[in-house]
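The values are calculated or read from the model by the stated rules, or taken from the named source; none is laboratory data. What you see is a predicted model; the values in this text were computed from it and never measured. Cβ atoms come from the backbone with ideal geometry, glycine included; neighbour counts cover every protein chain shown. When the accessible area is computed, the model is the full protein with side chains, heavy atoms only, and any ligands, DNA or RNA have been set aside. Shrake-Rupley method; radii C 1.70, N 1.55, O 1.52, S 1.80 Å.
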Amino acid sequence: MKSHLRVLKFGGTSLGDAECIRNAVEAVAKAKSGGPAVVVVSAMSGVTSQLLDAATHVTQGKPKMAEDLSRFLLDHHELAIQTLISNRNVAIRCFAELEQIVEGAACLLETFYKDKGLNPSALDGLLGTGEQLSARLFAAALQDRGLNAVPMDASKLIVTNSAHGNADPLMDQSRDRILRLVPTTLKRGFIPVVTGFVGATEEGLATTLGRGGSDYTATIFGAALNAEEIFIWTDVDGVLTADPRSVPEARTIPEITYQEATELACLGAKVLHPKTLNPVSGKQIPVWIRNSFNPTASGTRIGAQRKPVSRGIRAVTCRTDVSLIRVRTNARDQFLSQAVRTLAAPEKAIAQFFPSSTNISQDELLFVAGTEEIEASMRLFDNFKALAPRQMGLGNPQIDTEIALVSIVGNSLDSGTSRRALKAMSRSDIQPRAEVQGLSKNNLCFVVPQESARRTLAAFHREFFENTGDD
Ligand code: ADP
Ligand code: ASP
Ligand code: MG
């Protein structure tokens, strides 16, 4: 049975400065007046990237970065404390706690400098510093507003596998730990303010859930606690028909299904971490995407069903963190069937494989792989090639990193959608390198030169959302 609990997650920009935090505090106060609430916070905007940057620099022999980072973190958070917190004792206690956390980060950076390398667990420990700071700051801001709040470290509650930097929760164990602590805290009338993004292995080694992972923290907690609803407060009016930074004409989608939203996130829509909906879709807990800068906008509801239930195109999106791998072969069909089985298995490095296209030559096959995983993909390909029959005539792979994968997401997309997309590109003078087929019947993806990505998005948006009644 669902509890009346709500989980509220605030992203980095929603906690960007004292003013934003004040708005977030008001959203929590409003939710709390209707029942118990758990808050999940990201680091203040930009902090995680600064931590990563500092770690990279110190391992390259630039120790000054550690000092600069400590100063930046303290100044940034101190300014927020001064502006936000009127009770002197609360402010002093909060700052002392933050100083200790920053000292811990400085020690880790010193180890990285001495070792000239990054231990993956220590790096995850460092990257979680931003959330350690913001959880304490946010709890203090709630206390100052007269609400009982307590910071809670998710690394003690979310047990993960050891995939540092992109870990997955072990749900049973995480649920046990969450249920042991959170309900008693709520019963005592406190609002837990949970650090997003972080977890730890069973042995207690720090992990993180991947960049943007606080969304995932919110749904892990929501599922464990059987929340009634989860609210992801961010800086846009919901899930839109396109990223408004690339397509200013994009409009809010009032309702979207778990599956549609997941496809969008996997194909590049940054508004959600791609795994966010995994813990809640089976339990049918609705997830709302709301704008903390425009709290009266109703946002997007993500659920099992949506209205209207008609088929159609939901949004367009784009990934630029992918590369195109081209392989020559003189036995295309044979290579195809074997490669699909061995290279394109979902757990393998080459996550996306597309066998056919309107404009690739018959003796060439194309793959799309994450640019970060390109070395792993190539190792996989070499193993495959070593075992493949010689008459397949496999050539050496050519890699092009300057591409983008632009996608149309909807349901039951057909050849008519593809024809319209190709025409729209042709009108805008965009030459697609390939059309991706076979990922799922709910999306259509095109590989285009990276420099044409934005124009392709705009062309698709015009074609499918601005010229027709489709939505
Ligand atoms: P937060 O810090 O709140 O987690 P993110 O920056 O991770 O926020 O995600 C919000 C951003 O996602 C928006 O500012 C927007 O530019 C981007 N975005 C990309 N695609 C979409 C989309 N389809 N709908 C809404 N926002 C999108
Ligand atoms: N602070 C982390 C990041 O920047 C997690 C998050 O924001 O969700 O990736
Ligand atoms: Mg995010």
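Tabulated results
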| read-out | value |
| --- | --- |
| Matching entry among Ala269, Ala223, Ala200 (being of a type outside the set (Phe, Trp, Tyr) and within 17 Å of Leu8 (Cβ to Cβ)) | Ala223 |
| Filter result (among the hydroxyl-bearing types (Ser, Thr, Tyr) and near ligand 1 (Cβ under 10 Å from one of its atoms)) within segment 248-275 | Thr252 |
| Some residue of segment 389-408 being over 34 Å from the mean Cα position of the chain (by Cα) and open to solvent by 80 Å² or more (accessible area, probe 1.4 Å) | yes |
| Hey, Ser310 near ligand 1 (Cβ under 10 Å from one of its atoms), farther than 30 Å from His164 by Cα, part of a loop (DSSP other than H, G, I, E, B) and among the polar types (S, T, N, Q) or not | no |
| Pick from segment 193-226, criterion more than 21 Å from Ala139 (Cβ to Cβ) and more than 16 Å from ligand 2 (Cβ to nearest atom), ranking: most open to solvent (accessible area, probe 1.4 Å) | Glu203 |
| Within segment 159-183, considering residues that are among the β-branched types (Val, Ile, Thr) and more than 24 Å from Ala24 (Cα to Cα), the one surrounded by the most Cβ atoms within 10 Å (Cβ to Cβ) | Thr160 |
| Leading residue by the ranking (surrounded by the fewest Cβ atoms within 10 Å (Cβ to Cβ)) among those in segment 1-21 that are part of a helix (DSSP H, G or I) and among the hydrophobic types (A, V, I, L, M, F, W, C) | Ala18 |
| Answer residue from segment 270-296, given it is open to solvent by 20 Å² or more (accessible area, probe 1.4 Å), more than 16 Å from Asp168 (Cβ to Cβ) and touching a strand residue (DSSP E or B) at 6+ places or on another chain (Cβ under 8 Å) and is farthest from ligand 2 (Cβ to nearest atom) among those | Gln284 |
| Selection status of Val40, under 21 Å from Val236 (Cα atoms), modelled with pLDDT of 95 or more and away from ligand 3 (no atom under 16 Å from the Cβ) | no |
| Residue match in segment 143-158 (condition: out of contact with any helix residue (DSSP H, G or I) (no Cβ under 8 Å at 6 or more places or on another chain), within 15 Å of Ile220 (Cα to Cα) and open to solvent by less than 60 Å² (accessible area, probe 1.4 Å)) | yes |
| Pairs with Cβ under 8 Å, 6+ apart, first in segment 53-77 and more than 30 Å from Ala141 (Cα to Cα) and among the β-branched types (Val, Ile, Thr), second surrounded by 17 or more Cβ atoms within 10 Å (Cβ to Cβ) and modelled with pLDDT of 90 or more | Val58/Leu109; Val58/Phe112; Val58/Tyr113; Thr59/Phe112; Thr59/Tyr113 |
| First in segment 203-230 and over 24 Å from Gly268 (Cα atoms) and in a helix (DSSP H, G or I), second anywhere and away from ligand 1 (no atom under 16 Å from the Cβ) and among the aromatic types (Phe, Trp, Tyr), Cβ under 6 Å, 6 or more apart | none |
| Of the criteria (1) more than 14 Å from Val40 (Cβ to Cβ); (2) within 16 Å of ligand 1 (Cβ to nearest atom), which one Phe197 fails | (1) |
| Among residues of segment 98-139, those that are open to solvent by 40 Å² or more (accessible area, probe 1.4 Å) and in contact (Cβ under 8 Å) with a residue 60 or more places away in the chain, counted | 1 |
| Residues (part of a helix (DSSP H, G or I) and buried (at least 19 other Cβ atoms within 10 Å of the Cβ)) located in segment 77-94 | His77, Ala80, Ile81, Leu84, Cys94 |
| Filter result for Phe190 (free of Cβ contacts under 8 Å to residues at least 60 places away in the same chain and either open to solvent by less than 50 Å² (accessible area, probe 1.4 Å) or of a type in the set (A, V, I, L, M, F, W, C) (or both)) | yes |
| Candidates Ala31, Ala24, filtered to the one that is within 15 Å of ligand 1 (Cβ to nearest atom) and assigned to a helix (DSSP H, G or I) | Ala24 |
| Residues satisfying the stated conditions in segment 409-426, i.e. surrounded by fewer than 19 Cβ atoms within 10 Å (Cβ to Cβ) and hydrophobic (A, V, I, L, M, F, W, C) | Leu422 |
| Considering residues of segment 4-37 that are within 16 Å of ligand 2 (Cβ to nearest atom) and in contact with a Leu (Cβ under 7 Å, 6 or more places away or on another chain) only, the residue farthest from Pro286 (Cα to Cα) | Ile21 |
